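Working notes, beginning with the structure itself.
Each value in this text was obtained by applying a stated rule to the coordinates, not by laboratory testing. Note that the coordinates shown come from a computational prediction; the quantities given were computed from them, not determined experimentally. Using ideal geometry, Cβ is built from the backbone for each residue, glycine included, and neighbour counts are taken over all protein chains shown.
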């Protein structure tokens, strides 16, 4: 399984935001695109992928390609899924998530518990970083967990949380990419066995 | 320069559509994402890129990374740029486009003239096709023009129009991608000199 965890530093933690202004809702446009990049390809769902959005270090939205239904590729409808999940946040109690629809969960807690949960199903934690090893040389594993930031750099506390999972650093190229673009390129590398299988 | 031409088969040709329902506006969500993938990277504009959206074979929206201003990565604001361009469509006369803002043009005419214009600045026309040569083996050129379709396959007439430009077929991998995902992967291949430079 491939997992992607995106740290949304300014992301909303209540459903009181407008779908007409996703950039103003803590860059939920960016986070919605990350969900779509992680879980959808043309006319299909990536059933071996899961995506985690850490929302202002308070909640974590999780969508699982194996079981999610009716996910569409546009930002607005995807952001509405996040809003619906936040609307059910009172049902998230302790480590038990709210589950507003199949394949969608909302957990209480931010980056530290989200990393714990995701890493439990991963064989490697990968941080995409321009100083890392070239993606063409890094040997893919079966169950990578990619950790990405939103439009902000990782905070020092983010780095500390990730470092506990012994991450490797991988560079996707010399051009800094949006989170969704980085997810797309990471998928393509894995789809092609590091650019060997077309 | 890198160019991307996306055929929007159902795209609107008048500004009378709602920014609250971009999927219902001839999949303008998809076309907006293609513009963003072509022209933006993290915190910057790809000044060597140009994107062409063919709108229902009647008009063509063009945005040029060298001169466009205030382009944002979200679908809604990008779709609003297309709407503004369509609002100025009466100023497009013959081969002269409307130019509603710097770096943005709206031409009358569909795929055939759009290909002529774009190919004039290209040294190779590339069609992304799963039966094509692996992207890792195809030698990049300085000024490729990538031709993509929206959520529909190319129509027979589309293929005929493209074939006049002696295209080469390139495969990006075994998984069919959304247009914006394919643009992102094509950029990454060129950014890395076919996965050699990181």
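Quick look at the numbers
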{"item": "For segment B:151-198, alpha-carbon Rg over 2.2 N^0.38 Å", "result": "1.38"}
{"item": "Fraction of alpha-carbon pairs over 19 Å apart in segment A:16-68 - percent", "result": "33 percent"}
{"item": "Whole-Å distance, taken between Cα centres, linking segment A:122-140 and segment B:64-133", "result": "36 Å"}
{"item": "Cα-only Debye scattering, the protein assembly as shown: base-10 log of I(q)/I(0) at q = 0.09, 0.12, 0.13, 0.14 Å⁻¹", "result": "-0.51, -0.90, -1.05, -1.21"}
{"item": "Stretch gain in nm, segment residue B:112-residue B:133, where the contour uses 0.36 nm per residue and the Cα spacing is subtracted", "result": "5.0 nm"}
{"item": "Helix-only [θ]222 nm of the protein assembly as shown, DSSP H runs n ≥ 4, -39500 (n - 2.57) each, per residue, nearest 500", "result": "-8500 deg cm²/dmol"}
{"item": "Stokes-Einstein D in µm²/s, Kirkwood radius over Cα pairs - segment B:2-191 at 37 °C with 0.692 mPa s viscosity", "result": "201 µm²/s"}
{"item": "Separation between Cα centres of segment B:8-23 and segment A:172-198, rounded to whole Å", "result": "30 Å"}
{"item": "Chain A, relative contact order [Cα under 8 Å, separation at least 6], %", "result": "25 percent"}
{"item": "Proxy reagent accessibility, fewest Cβ within 10 Å first, across B:107, A:59", "result": "B:107, A:59"}
{"item": "Compactness of segment B:28-116 - radius of gyration and Dmax, Cα, Å", "result": "12.1, 37"}
{"item": "Candidates A:66, A:186, A:85, ranked by Gaussian network fluctuation over chain A, Cα under 10 Å, top entry", "result": "A:66"}
{"item": "Residues listed by number, segment A:29-67, amide nitrogen under 19 Å from residue A:164 label point at 7 Å toward C-beta", "result": "A:52-61"}
{"item": "DSSP bridge pairs, the protein assembly as shown: antiparallel proportion in percent, nearest 5", "result": "45 percent"}
{"item": "Residue of B:103, B:94, B:173 that the Gaussian network model of chain B assigns the largest fluctuation, springs spanning Cα pairs under 10 Å", "result": "B:94"}
